[in-house]
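Peer 1: One structure follows; several queries about it will come next.
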Amino acid sequence: LGLAYIVSNLDEEHELRVLDLMFSDGFEEETRNAIEEFDPDLIGISIRNVDDQNYLKPRFFLPEMKEIVRICRDSSNAKIVLGGSAFCIFPDEILRYLNTDMGIIGEGERVFNDLIRKMEEGDDYSHLPGLVMTKGNNIMINEPQQIESFDEVKMPDRNLLDVERYCAKMEVYPHNVTIQSKRGCPMDCIYCPNPLIEGKSMRIRSPKNVVSEIEMLKDDFGIDEISFVDCLFNYPLDHAESVCREIIERELDISWDCTFNPAFTSRRLIELMKKAGCTDVMVGNESGSAKMLNSLKKGFSIEDVERCCSYFKDVDMGFRCFLLIGGPGEDRDTVEETVSLMERLDPNIVYVTIGIRVYPGCEITKIVNDLGRLNQQINTLLRPTFYLSPAVEDWIFNYMREITKRNRKWIL
Ligand code: B12
């Protein structure tokens, strides 16, 4: 989706190609062929994940990125510009690791276009917001600027992507063609790097604009299954309701899923979501223990979780819960409370992540550093680094494996 946004917001006179390595069997050959064939002046690379956040056997993705950069260099003299969520979290570390020229943090639509224009015109671009570039031995990072009016951003252009492949059903997540109805998240969860990516202030798209994109997806690609990837679909509540009303009014026969934060629940919203075609919600409750909800600063209570799940059941809406086990203060009691709440609420799926990936700029990083639980310098967090509460580290994996064996709805 990020790439599709970048593409649609570039000035039209540019000739461009998209190489989507999402489904690639041999990224080396595909990259080399694409660069040699197209011979670009500039290469933008979108890096989504640093690693897979797997505590026991982490896969660090950047060595493959390094190989991609090497191939780009070998096959062309083009300047390389990095972007994407991984880059937003670790701009200087990734620039150094990949030994590249520059990158952009934050939303890339405007700045990437401005950068290209300035480069073409031979103008100074070093002051552009969000620009990251080497200056001698140092790396300069400009403050990113958020796009104030989301409606003014041109809708994503998916024509250069293999949309059909994204439509194929995957086992673990129902819908893979994605859409955003807002950007930014004002919550304070202690482990989350989203403020570095989308920022904390919310920028909302008008419901008409959102639903026109859905209509376009139907008309242009025949897509009738989508996923809302907003950090918080149901906040502000009245916006989520208006999006649902607009879908209902236009009689779009679609099915969709979305994220859901238990802090912002109303029966009316959930009924409207159901009527508008929502089949599944992803509830980021992370725990079933009041102590852990406080520790992670989730901003909602166990009662909020129970309340929204009871509404989902009432309207027969599928719901999936995400758990994040092992944060500061996690112990046997909190784990048992969580398991018992999940067994009682009985979601369609429970996704379990054990161990918290520690990112720069997040509150948890300071907490575990102060606790002496971070065995390395904060500036080396690029390598997969996790926090796992000492009170659970010896037994939690076996314990959760037993639960997932017993209950096929749990995914570890
Ligand atoms: C929705 C989502 C999911 C959904 C994805 C649904 C789907 N089919 O796409 C699900 C739940 C499946 C999921 C899974 C995972 N996710 Co996720 N996910 C997100 C979320 C909330 C939104 C992503 C999104 O679509 N954003 C909307 C698009 C428009 O934004 P964007 O891609 O960032 O692009 C913008 C900018 O980055 C920039 N940009 C992008 N590319 C480029 C390129 C250039 C050249 C330039 C200049 C700029 C630029 O401009 C774009 C437009 O403004 C983010 C959090 C976040 N807010 O980013 C986490 C996030 C990306 N996910 C994360 C993780 C770790 C994962 C998993 C590894 C979790 C796991 N353990 O399994 C998996 C990996 C899945 C995969 N295959 O990659 C982390 C990544 C951390 C990191 N960088 O390493 C994030 C940041 C969440 C977090 N807070 O930790 N995820």
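Peer 1: Answer yes if at least one residue in region 302-315 is surrounded by 22 or more Cβ atoms within 10 Å (Cβ to Cβ), touching a residue at least 24 places away in the same chain (Cβ under 8 Å) and of a type in the set (Phe, Trp, Tyr), and no otherwise. It would help to see each step written out before you state the result.
Peer 2: Pass one, region 302-315, residues surrounded by 22 or more Cβ atoms within 10 Å (Cβ to Cβ): 305, 308-309, 312.
Cutting the leftovers down to touching a residue at least 24 places away in the same chain (Cβ under 8 Å) gives us 305, 308-309, 312.
Those still in the list that are of a type in the set (Phe, Trp, Tyr) too: 312.
Scanning region 302-315 turns up at least one residue that is surrounded by 22 or more Cβ atoms within 10 Å (Cβ to Cβ), touching a residue at least 24 places away in the same chain (Cβ under 8 Å) and of a type in the set (Phe, Trp, Tyr).
Peer 1: How many residues are within 6 Å of the ligand (Cβ to nearest atom) and farther than 21 Å from PRO384 by Cβ when one looks only at region 75-121?
Peer 2: Qualifying residue count for the region: 7.
Peer 1: Would a scan of region 339-362 turn up a residue that is in a helix (DSSP H, G or I) and closer than 21 Å to ASN49 by Cβ?
Peer 2: Keep residues of region 339-362 that are in a helix (DSSP H, G or I), which gives 339-345.
Filter once more, so that each one left must be closer than 21 Å to ASN49 by Cβ: none.
For region 339-362, residues in a helix (DSSP H, G or I) and closer than 21 Å to ASN49 by Cβ: absent.
Peer 1: OK, next. Looking for something within 12 Å of the ligand (Cβ to nearest atom), open to solvent by less than 60 Å² (accessible area, probe 1.4 Å), in contact with a strand residue (DSSP E or B) (Cβ under 9 Å, 6 or more places away or on another chain) and modelled with pLDDT of 95 or more - is there at least one such residue anywhere in region 7-29?
Peer 2: Within region 7-29, not a single residue is within 12 Å of the ligand (Cβ to nearest atom), open to solvent by less than 60 Å² (accessible area, probe 1.4 Å), in contact with a strand residue (DSSP E or B) (Cβ under 9 Å, 6 or more places away or on another chain) and modelled with pLDDT of 95 or more.
Peer 1: Related question: Restricting attention to region 188-228, which residues are over 23 Å from GLY108 (Cα atoms), within 15 Å of the ligand (Cβ to nearest atom) and among the acidic types (Asp, Glu)?
Peer 2: Listed by number, the residues that qualify are ASP188, GLU225.
Peer 1: In addition: Please state which of the following conditions MET170 fails to meet, knowing it meets all the rest: (1) away from the ligand (no atom under 11 Å from the Cβ); (2) modelled with pLDDT under 90.
Peer 2: (1)
Peer 1: Next question, about the same structure. Looking at ARG183, ARG205, which one is among the basic types (Lys, Arg), under 22 Å from CYS362 (Cα atoms) and in contact with a strand residue (DSSP E or B) (Cβ under 9 Å, 6 or more places away or on another chain)? First the steps, then the outcome.
Peer 2: Numbers: ARG205 fails: under 22 Å from CYS362 (Cα atoms).
One residue alone meets the criteria, ARG183.
Peer 1: For a quick check of your reading of the model, give me the residue pairs whose first member lies in region 176-197 and is among the β-branched types (Val, Ile, Thr), whose second is open to solvent by 20 Å² or more (accessible area, probe 1.4 Å) and in a loop (DSSP other than H, G, I, E, B), with beta-carbon atoms closer than 6 Å and at least 6 apart or on different chains.
Peer 2: THR178/LEU1; THR178/VAL229; ILE190/LYS297
Peer 1: Do we have LYS366 as closer than 18 Å to PRO193 by Cα and surrounded by fewer than 16 Cβ atoms within 10 Å (Cβ to Cβ) here?
Peer 2: Considered against the rule, which asks whether it is closer than 18 Å to PRO193 by Cα and surrounded by fewer than 16 Cβ atoms within 10 Å (Cβ to Cβ), LYS366 comes out as yes.
Peer 1: While we're here: For region 45-73, enumerate the residues that are assigned to a loop (DSSP other than H, G, I, E, B), more than 7 Å from the ligand (Cβ to nearest atom) and either under 30 Å from ARG117 (Cβ atoms) or open to solvent by less than 40 Å² (accessible area, probe 1.4 Å) (or both).
Peer 2: Matches in region 45-73: ILE47 only.
Peer 1: Among the residues of region 372-380, is there at least one that is modelled with pLDDT under 95 and among the hydrophobic types (A, V, I, L, M, F, W, C)?
Peer 2: yes
Peer 1: Hey, another quick one. Would you mind telling me which numbered condition in (1) in contact with a helix residue (DSSP H, G or I) (Cβ under 9 Å, 6 or more places away or on another chain); (2) buried (at least 16 other Cβ atoms within 10 Å of the Cβ); (3) of a type outside the set (Ser, Thr, Tyr) ASP253 fails?
Peer 2: (2)
Peer 1: What's the number of the condition LEU374 fails, among (1) open to solvent by less than 40 Å² (accessible area, probe 1.4 Å); (2) within 14 Å of GLY326 (Cα to Cα); (3) without any contact (Cβ under 8 Å) to a residue 60 or more places away in the chain?
Peer 2: Tallying (1) open to solvent by less than 40 Å² (accessible area, probe 1.4 Å); (2) within 14 Å of GLY326 (Cα to Cα); (3) without any contact (Cβ under 8 Å) to a residue 60 or more places away in the chain, LEU374 fails exactly one: (2).
Peer 1: Ok, one more. What is the number of the single condition among (1) within 13 Å of the ligand (Cβ to nearest atom); (2) without any contact (Cβ under 8 Å) to a residue 40 or more places away in the chain that SER126 does not meet?
Peer 2: It is condition (1) that SER126 fails.
Peer 1: Kindly check whether there is at least one residue in region 332-354 that is over 29 Å from CYS258 (Cβ atoms) and open to solvent by less than 20 Å² (accessible area, probe 1.4 Å).
Peer 2: Looking through region 332-354, none of the residues is over 29 Å from CYS258 (Cβ atoms) and open to solvent by less than 20 Å² (accessible area, probe 1.4 Å).
Peer 1: I want to confirm something. Restricting to region 262-279 and keeping residues that are out of contact with any Lys or Arg (no Cβ under 9 Å at 6 or more places or on another chain) and not in a helix (DSSP H, G or I), which single residue is most open to solvent (accessible area, probe 1.4 Å)?
Peer 2: THR279
The values are calculated or read from the model by the stated rules, or taken from the named source; none is laboratory data. Since we're looking at a predicted model, the values are computed, not measured. Every residue, glycine as well, gets a Cβ built from its backbone with ideal geometry; the counts of neighbours run over all protein chains shown. In case anyone asks, the SASA skips ligands and DNA or RNA and just uses the protein heavy atoms, side chains included. Shrake-Rupley method; radii C 1.70, N 1.55, O 1.52, S 1.80 Å.
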